[in-house]
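The values are calculated or read from the model by the stated rules, or taken from the named source; none is laboratory data. Computed from a prediction, not measured in an experiment: that's the story for all the values here. No Cβ is skipped: glycine too gets one built from the backbone with ideal geometry, and neighbour counts run over all protein chains shown.
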Amino acid sequence: MASIQDVNVPVVRISRDRKEVVSNYATAAVCLYGVITVDEFVDVFNHYEATPTTPKEVLFVIKQFSVKDDVGYSIAGNIISGYEFQPQFEDYKENVDSIRSAQFGKPRYLPSKDEFLKYADMDYLEPNQPYADLKAYVLKHKLTSYGEGIDGVDGDLLDLHEMIRFGVETSSVYDYFTECGYQFENLHILEGFAHLIMDINNNTRMYDNNGFTPYELVGKTGRRKATAIKNSRDDQQIKSRLGRNDSCPCGSGLKYKNCCGK
């Protein structure tokens, strides 16, 4: 993917198997944390592996593997980043700085080794029950005409996961589904949809939280984090986005004030 011309990496001898191990950990790390420094990655790797790595070894492996199209990470300077944060992207520094700032002072999510390495599969989704619940709700109430599959609900849920993991505002999430043509029969169904979005938000592993979900982080630190959303706030966001003279989301053709907003 991206080059690391700004990093001077000495040549070292590493077996192919060892390189694969380091590369798999790098993919898992960026899928959980978004961005991570080389030194932090060394600590994560050594937390799990009996044969420790070093910054020199990590840089050498990342330099070789990051030029391939089939890995999920890049590197610039001392930062290893996920595929959403390519160094050549115009907003790379802004996004990386934002995530690093949000991560500061928070503990790092370190599950069992087996669980951690599941994230080397970039399509791995955990926990998936909130997403399954939303999918069932969408299909039950026929909120979209596209049905299941990557071009339908399943694809929308993958996009939703990316947005929430990246820390996209809830209002932008609603915009996404509106633009995808989702329609709601009445305000009750819309509020039920919002409740499930809230549940997904609070149970999705986020880059800003060093891989913890908002609920997990609240329990671990004893403090409520801004990323943990209550029902009331989600309902308020929905209603604040529906002006009295806006078209009702139920699709009746009437103004909101004359329909579900009565």
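Keeping to segment 98-123, report how many residues are under 15 Å from Tyr207 (Cβ atoms) and surrounded by 13 or more Cβ atoms within 10 Å (Cβ to Cβ).
Number of matching residues: 11.
In the list Ser81, Ser112, which residue meets the criterion of being under 23 Å from the mean Cα position of the chain (by Cα), of a type in the set (S, T, N, Q), closer than 21 Å to Glu216 by Cα and outside the structural domain of Asn209 (by TED's automatic domain parsing)?
Residue meeting the stated conditions: Ser112.
Are any residues in segment 99-115 in contact (Cβ under 8 Å) with a residue 40 or more places away in the chain and polar (S, T, N, Q), and if so, which ones?
To start, the set of residues in segment 99-115 that are in contact (Cβ under 8 Å) with a residue 40 or more places away in the chain comprises 99-100, 102-103, 106-110, 113.
Within segment 99-115, just Gln103 meets the criteria.
Please specify each residue of segment 170-224 satisfying the condition of being among the small types (Gly, Ala, Ser), part of a loop (DSSP other than H, G, I, E, B) and surrounded by 19 or more Cβ atoms within 10 Å (Cβ to Cβ).
Gly211
I need the full set of residues from segment 124-160 which are crowded, with 16+ Cβ neighbours inside 10 Å and among the small types (Gly, Ala, Ser), in order please.
Gly152
Condition first: farther than 17 Å from Tyr207 by Cβ and not basic (Lys, Arg). Can you find one or more residues in segment 72-86 that meet it? Let's see the steps before the verdict.
Our first condition is that a residue be farther than 17 Å from Tyr207 by Cβ; within segment 72-86, this holds for 77-78.
When the remaining residues are screened for being not basic (Lys, Arg), the result is 77-78.
Yes: segment 72-86 contains one or more residues that are farther than 17 Å from Tyr207 by Cβ and not basic (Lys, Arg).
Can you list the strands (runs of 3 or more DSSP E) found entirely within segment 17-110 that contain at least 2 residues being at pLDDT 95 or above and not acidic (Asp, Glu)?
Ranges flagged: 35-37, 79-82.
Can you name every residue in segment 167-207 that is farther than 17 Å from Ala136 by Cα and among the hydroxyl-bearing types (Ser, Thr, Tyr)?
Thr170, Ser171, Ser172, Tyr174, Tyr176, Thr178, Thr204, Tyr207
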